[in-house]
Amino acid sequence: MRVIASSIRKGNVIEQDGKLYVVVSAENIHPGKGTPVSQIEMRRISDGVKISERYKTTDQVEKATIEERNYTFLYEDGDGFHFMNPETYDQVQVSKDVVGDAAAYLAPDMTVKLSMHDTNPVSIALPQRVTLEVVETEPVTKGQTASSSYKPAVLSNGVRTTVPPHISVGTRIVVMTEDGSYSERAKD
């Protein structure tokens, strides 16, 4: 299906020169003078090569037909990541290239959206937020309550982030999976 370049988003799959590419980032640039353009960074699905293309925002791009389904994460081994379709119990293996940075947030029994093209997984979408435990941070400073200064912290999955001063080691927090930023203290 042909769509205009400005409507392409991260995670979309584009077909170009007979090959499939998953969009890593897409940005629409509107210079003061001249034609607006869409800067699209893509990763070739077959071999993982990254390329960057620039289109006029009105150019037509071939968007591949993709089927999105919920899958449950099972485990990781030397071959990659293994997921199961909760309806049919079919298992699918996803390579480390496709999972990428999302690997740090995967937890057993987590439900994710896998985009499939002819039974091949091409991209993964995590839940927007995950709950993790703070395993390392500076001690709480007395009297420093709701100031705007954040302090560094290491989470139970190894990801580094920044948290408000009142968060201590062992506290469970909600983190945004897109950029690893602190959202709120977990309510459990």
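Conditions tested, residue by residue: (1) surrounded by 15 or more Cβ atoms within 10 Å (Cβ to Cβ); (2) in contact with a Cys (Cβ under 6 Å, 6 or more places away or on another chain); (3) touching a residue at least 40 places away in the same chain (Cβ under 8 Å).
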position	(1), (2), (3)
66	yes, no, yes
73	yes, no, no
91	no, no, no
102	yes, no, yes
105	yes, no, yes
*Looking only at the stretch 150-168, and only at residues there that are small (Gly, Ala, Ser) and more than 18 Å from the chain's Cα centre (by Cα), the one that is nearest to residue 105 (Cα to Cα)*: 156
*Go through the residues of the stretch 139-156 one by one and say whether even a single one is at positive phi and open to solvent by 70 Å² or more (accessible area, probe 1.4 Å).*
yes
*Would you confirm whether any residue within the stretch 49-68 is of a type in the set (Asp, Glu), at pLDDT below 90 and closer than 30 Å to residue 109 by Cβ?*
yes
*Total residues in the stretch 95-107, condition modelled with pLDDT of 90 or more and part of a loop (DSSP other than H, G, I, E, B)*: 1
*Looking only at strands (runs of 3 or more DSSP E) that fall completely inside the stretch 1-83, which ones have 1 or more residues that are touching a helix residue (DSSP H, G or I) at 6+ places or on another chain (Cβ under 9 Å)?*
19-29, 37-44, 50-56, 60-62, 67-77
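Residue-by-condition table, conditions (1) in contact with a strand residue (DSSP E or B) (Cβ under 8 Å, 6 or more places away or on another chain); (2) modelled with pLDDT of 90 or more:
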| site | (1), (2) |
| --- | --- |
| 70 | yes, yes |
| 89 | no, yes |
| 93 | yes, yes |
| 116 | yes, no |
*What are the residues in the stretch 1-58 that are β-branched (Val, Ile, Thr) and either within 21 Å of residue 126 (Cβ to Cβ) or under 19 Å from the mean Cα position of the chain (by Cα) (or both), if any?*
8, 13, 14, 22, 23, 24, 40, 45, 49, 51
*Say we look at the stretch 24-48 and pick out the residues that are more than 23 Å from residue 99 (Cβ to Cβ) and among the polar types (S, T, N, Q); which of these is surrounded by the most Cβ atoms within 10 Å (Cβ to Cβ)?*
38
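The values are calculated or read from the model by the stated rules, or taken from the named source; none is laboratory data. Keep in mind it's a predicted model, so treat the numbers as computed, not measured. When we count neighbours, we look across all protein chains shown, and the Cβ atoms used for this are built from the backbone with ideal geometry, even at glycine. In case anyone asks, the SASA skips ligands and DNA or RNA and just uses the protein heavy atoms, side chains included. Shrake-Rupley method; radii C 1.70, N 1.55, O 1.52, S 1.80 Å.
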